[in-house]
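The values are calculated or read from the model by the stated rules, or taken from the named source; none is laboratory data. All values derive from a computational prediction rather than experimental measurement. Note that we place each Cβ from the backbone using ideal geometry, even for glycine, and neighbour counts take in every protein chain shown.
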Amino acid sequence: MTTLLLIEQVLNGLQFGVMLFLMAAGLTLIFGVMGLINLAHGSLYMIGAFAAAAVAGWTGNFFLALVASLIAAAIIGALIELTVIRRLYDRDHLEQVLATFALILIFSEATRWVFGSFPLFLNIPDVLNGTVTLPGGIQYSLYRLTIILIGLAVAAGLFLLISKTRVGMRIRAGENDREMIAALGVDISVLYTMVFALGAALAGLSGALVGAIQSVEVGMGEPVLILAFVVIVIGGIGSIKGALAGAILVGLTDTLGRTMLPVIFGTFMEPSAATTVGSALASMLIYILMAGVLLYKPTGLFGST
Amino acid sequence: MHAFRVLGAAGIMALGLASGAVADGHGGKVKIGLITTLTGGGAALGVDIRDGFLLGIKQSGNDGIEVVVEDDQRKPDIAVQVADKMIQSEKVDIMTGIVFSNLALAVAPAATAQGKFYISPNAGPAQLAGKGCHENYFNVAWQNDGPHEAAGAHAKKLGFKNAFILAPNYPAGKDALTGFKRTYEGALAGELFTKLGQTDYAAEIAQIRASGADGIFFFLPGGMGISFLKQYAGSGIDLPVVGPAFSFDQTILAAVGDAALGIHNTAQWSPDIDNAANKAFVETFKAEYGRIPSIYASQAFDTANLIVSAAAKADVKDTDAFREALREADFASTRGDFRFGNNQHPIQDFYVREVIKDGDVFTNKIIGIGLEDRQDVYAAECKL
């Protein structure tokens, strides 16, 4: 394996991680502030992708489609917060899981009802199509590079929002002591709806960005949701910093594991056996990583208490 | 009075028993249980199987055939539950419909063990074609290896000398690479198993770029194929690609768009096969559902017509006679000639198709024959 290939794979891992971060950021905020386990987060990702595909289909403009994905996911997020999620804050985690799982089923079938069973078309815009040559002669997809930049920009924006603004202050206060911030006269229900809509919008954006290079279909959110949970558990539940670190770590581990393990096993095994064992182990790698992190830091890398 | 009541109750019971017996006897009727994937990932395939099958039954005009449709959610445990319910409380005679091999492996042996027919419209795992073949198990589609063997033969014909091959890490994925290698016979630049359900192929595409391959074979059904093709098209690599029809099917071509144009893929059916049965099928399917039928719809339509042809010759209750009638395969297949081998899997031609754009619709057209009169290699192990 050459250095160039390795660098390209590191970029791929970074891109995968950044995309996971967009999902995990919302999930961890919602858990951190409201103490809610939201399984329906994957549905918001799907809604973002479908909204983007629909708008791109009507207008032919990818950037309008991205905006539409943000707005659609935020609106749906706010709606489910107001109608369903709100009633779950005081409930047991098991009941939250049950109710949000029901939301997954409802959203999946509703999407199928509106858009049909067949996958939708969403392609990357012509401006971002093709490859760029990076220093060192690496050919890399321009679109993936853009995803990395968008993800890092969102991460920076979230840090600023949480550390520098009044809303961010309230979010942090809400994480520390929910009852106290309500007692101090902050309208906690508005704050909750905002945080939920923000998380939903990020999931929707991530769905739209990824939908352009993957398949926009019903049920696309669930595999990502599982990874996003792994990310926030590794990073420490409730911490944005942890979500970023966890996401990059998971992205790199998964991508490099997938490519390196078969090669490593190939040095002392038969090629076909090395492929089988290597890919089997690669698919377990992030869970092994999670177990390892939890063994040394039971609250995750940046988890409090 | 008391005696009358007892008598009356006995009379009602006797009536109930009698009518029950009549309902059980069917009087020459056939009840079919169709289990397929109608929700969740993979639903597009199940929907096409259901629609193709129901169209075939409807066109037969045979009122004696009743179809019960149930969803398996692509989960083996659900499929087994639904199958048990269909056999025990619905009392179906024939089961069909399953899309995915792992589900078929869970349901088909159980159904045949209880004396029911299982007629597969899609999944053809090696286990049910070789030593595990059963006299009441029929497959109308193919044994899993078939389309991949045709792709291997075509890759050889195209002059691939150093191919890069990849498939998901699950039984049908392994069958795919085995099937391809059986007929391709050339050198391999690389061989990869990806995660089932994987949607990001950046790492694999980088490996393909670095491997020095002169061609690519991939088997990534459904959404996985859409993702791979879109990402491959944006990667700047320009190697010839071949694959089985599953990533170039009508159900997903619209979602892939230009990225699939011109790619050669192999299948036993194509919408442009030139025979009367196929032309009528494509026309009526379009009229009924407003879309071009997929390969899955064609297989289900053939399955329905096979059952209709057998039901016209024999009573399903006479298992031996009905089995013989099925074996004869006396129906007009959308593929043209159709016959079963000793293991009750088809012996058939595999075509090479190319993805084209017809107006603004993406579809396939036949450009050649991949393998002629191909029978699967497992048939030799089957003792039927």
(request) Go through the stretch A:184-233 and give me each residue that's away from every other protein chain (no Cβ under 14 Å), in a helix (DSSP H, G or I) and not aliphatic (A, V, I, L, M). (result) A:Ser189, A:Tyr192, A:Thr193, A:Phe196, A:Gly199, A:Gly204, A:Phe229
(message) Could you go through the stretch B:191-199 and let me know if any residue there is at pLDDT 90 or above and either out of contact with any Ser or Thr (no Cβ under 7 Å at 6 or more places or on another chain) or of a type in the set (A, V, I, L, M, F, W, C) (or both).
(response) no
(message) Out of everything in the stretch A:60-107 that is within 14 Å of chain B (Cβ to nearest Cβ) and in contact with a Ser or Thr (Cβ under 7 Å, 6 or more places away or on another chain), what residue ends up being surrounded by the most Cβ atoms within 10 Å (Cβ to Cβ)?
(response) A:Phe107
(request) Among the residues of the stretch B:271-289, write down those that are under 18 Å from B:Phe350 (Cα atoms), surrounded by fewer than 24 Cβ atoms within 10 Å (Cβ to Cβ) and not hydrophobic (A, V, I, L, M, F, W, C). (result) B:Asp272, B:Asp274, B:Asn275, B:Asn278
(message) If A:Thr275 meets every condition in (1) farther than 19 Å from A:Leu6 by Cα; (2) of a type outside the set (Asp, Glu); (3) touching a helix residue (DSSP H, G or I) at 6+ places or on another chain (Cβ under 8 Å) apart from one, which number is that one?
(response) (1)
(message) Tally up the residues in the stretch B:205-245 that are more than 10 Å from chain A (Cβ to nearest Cβ) and under 22 Å from the mean Cα position of the chain (by Cα), please.
(response) 9
(message) Exactly one of these conditions fails for A:Glu179: (1) more than 27 Å from A:Met46 (Cα to Cα); (2) modelled with pLDDT of 90 or more. Give me its number.
(response) (2)
(message) Contact list please: Cβ distance under 7 Å, first residue in the stretch B:247-258 and more than 7 Å from chain A (Cβ to nearest Cβ), second residue in a helix (DSSP H, G or I), pairs at least six apart or on different chains.
(response) B:Ser247/B:Gly225; B:Ser247/B:Leu229; B:Phe248/B:Ala260; B:Asp249/B:Ile295; B:Leu253/B:Ala260; B:Val256/B:Ile226; B:Val256/B:Leu229; B:Val256/B:Lys230
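Would you check if B:His134 is more than 14 Å from every other protein chain (Cβ to nearest Cβ) and surrounded by fewer than 24 Cβ atoms within 10 Å (Cβ to Cβ)? Explain how you work it out, then say what you get.
Values: more than 14 Å from every other protein chain (Cβ to nearest Cβ): yes; surrounded by fewer than 24 Cβ atoms within 10 Å (Cβ to Cβ): yes.
Yes; evaluated as a whole, the condition is true for this residue.
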(message) Taking the conditions exactly as written (surrounded by fewer than 24 Cβ atoms within 10 Å (Cβ to Cβ), within 14 Å of chain A (Cβ to nearest Cβ) and either at pLDDT 95 or above or not in a strand (DSSP E or B) (or both)), does B:Lys157 satisfy them or not?
(response) no
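Among the residues of the stretch B:210-225, count how many are in contact with a Leu (Cβ under 9 Å, 6 or more places away or on another chain) and either modelled with pLDDT of 90 or more or on the phi > 0 side of the Ramachandran plot (or both). Please lay out each step first, then the result.
To start, the set of residues in the stretch B:210-225 that are in contact with a Leu (Cβ under 9 Å, 6 or more places away or on another chain) comprises B:210, B:213-222, B:224.
Then drop every residue that is not either modelled with pLDDT of 90 or more or on the phi > 0 side of the Ramachandran plot (or both), which leaves B:213-220, B:222.
Qualifying residue count for the region: 9.
Taking the stretch B:182-227 as the region of interest, how many residues are among the hydroxyl-bearing types (Ser, Thr, Tyr) and in a strand (DSSP E or B)? Break it down stepwise before answering.
So the first thing to find is which residues in the stretch B:182-227 are among the hydroxyl-bearing types (Ser, Thr, Tyr), and the list is B:183-184, B:194, B:199, B:201, B:211, B:227.
Of the ones still in play, those that are also in a strand (DSSP E or B) are B:194.
The qualifying residues number 1.
Here is a yes/no grid of residues against (1) out of contact with any Gly (no Cβ under 7 Å at 6 or more places or on another chain); (2) hydroxyl-bearing (Ser, Thr, Tyr):
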residue	(1), (2)
B:Gly64	no, no
B:Val68	no, no
B:Gln73	no, no
B:Ile78	yes, no
B:Ser89	yes, yes
B:Val92	no, no
B:Ala108	yes, no
B:Ala113	yes, no
B:Ala126	yes, no
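Residue-wise test of (1) β-branched (Val, Ile, Thr); (2) in contact (Cβ under 8 Å) with a residue 60 or more places away in the chain.
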{"residue": "A:Ala245", "(1), (2)": "no, no"}
{"residue": "A:Val250", "(1), (2)": "yes, yes"}
{"residue": "A:Pro271", "(1), (2)": "no, no"}
{"residue": "A:Leu295", "(1), (2)": "no, no"}
{"residue": "A:Gly300", "(1), (2)": "no, yes"}
(request) Could you check, for the stretch A:129-144, whether at least one of its residues is away from chain B (no Cβ under 14 Å), part of a helix (DSSP H, G or I) and in contact with a Ser or Thr (Cβ under 8 Å, 6 or more places away or on another chain)? (result) no
